[in-house]
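For reference, the structure is listed below as structure tokens.
The values are calculated or read from the model by the stated rules, or taken from the named source; none is laboratory data. Computed from a prediction, not measured in an experiment: that's the story for all the values here. Cβ: placed from backbone, ideal geometry, glycine included. Neighbour counts: every protein chain shown. Accessible surface is based on the protein model in full, side chains and every heavy atom, while ligands, DNA and RNA are left aside. Shrake-Rupley method; radii C 1.70, N 1.55, O 1.52, S 1.80 Å.
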Amino acid sequence: QVQLVESGGGLVQAGGSLRLSCAASGRIFSINAMGWYRQAPGKQRELVAAITSGGSTNYSDSVKGRFTISRDNAKYTVYLQMNSLKPEDTAVYYCNVGLYLAEGGDEYDYWGQGTQVTVSS
């Protein structure tokens, strides 16, 4: 059984910062790509940032220059440092992880439970 536990969400004023964490645990052989998505009320879930197992990153245009994704492979953890937050960043943020349960096995996709980020103006 694999679990993803997110933390770090909350309420912050515009211009402030938050750091999200997502830790994977369980019978994990290895982790491939890790990412963060968000879903605002009435909107579709969208990719915010992703990082490959080799450390390559990509960001949505709306967060480039303000958010930074990183990972700690030894801890099976992905982070999202969010700076210069704007009210339009308000959403539920979900982590997403592609991982292998065994050597040579299939890759499985797991989601965190979501953490609320609210940015007040």
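Here TYR76 meets each of (1) at positive phi; (2) without any contact (Cβ under 8 Å) to a residue 40 or more places away in the chain with one exception, condition (2). Looking only at residues in segment 77-112 that are in a loop (DSSP other than H, G, I, E, B) and at pLDDT below 95, which one is surrounded by the most Cβ atoms within 10 Å (Cβ to Cβ)? Ranking the qualifying residues of segment 77-112, first place goes to LEU101.
Report whether or not ARG38 is within 17 Å of VAL119 (Cα to Cα), modelled with pLDDT of 95 or more, among the charged types (D, E, K, R) and open to solvent by 50 Å² or more (accessible area, probe 1.4 Å). So ARG38 fails the test.
Could you tell me which residue of segment 59-76 is farthest from the chain's Cα centre (by Cα), considering only residues that are closer than 18 Å to CYS22 by Cα and open to solvent by 60 Å² or more (accessible area, probe 1.4 Å)? Applying the filter and picking the extreme gives ALA74.
Residues in segment 5-34 that are hydroxyl-bearing (Ser, Thr, Tyr) and loosely packed, with under 14 Cβ neighbours inside 10 Å were compared, and the one that is nearest to the chain's Cα centre (by Cα) is SER7.
Candidates in segment 1-51 are the residues that are in contact with a Ser or Thr (Cβ under 7 Å, 6 or more places away or on another chain) and among the charged types (D, E, K, R); of these, the one that is nearest to SER121 (Cα to Cα) is GLU46.
Scanning segment 36-59 for residues that are in a loop (DSSP other than H, G, I, E, B) and not hydroxyl-bearing (Ser, Thr, Tyr) returns ALA40, PRO41, GLY42, LYS43, GLN44, ARG45, GLY54, GLY55. Scanning segment 60-76 for residues that are assigned to a strand (DSSP E or B) and not aromatic (Phe, Trp, Tyr) yields THR68, ILE69, SER70, ARG71, ASP72.
Remark: pairs (first residue in segment 32-47, closer than 24 Å to ALA74 by Cβ; second residue open to solvent by 60 Å² or more (accessible area, probe 1.4 Å) and among the small types (Gly, Ala, Ser); Cβ separation under 7 Å; 6+ apart in sequence or on different chains) = ASN32/SER53; ALA33/SER53.
Applying a threshold of 6 Å to beta carbon distances and a minimum spacing of six or more residues, or different chains, the list of pairs starting in segment 9-22 at a residue that is farther than 19 Å from GLY35 by Cα and ending at one that is surrounded by 19 or more Cβ atoms within 10 Å (Cβ to Cβ) reads VAL12/LEU18; VAL12/LEU85; VAL12/VAL119; ALA14/VAL119; GLY16/LEU85.
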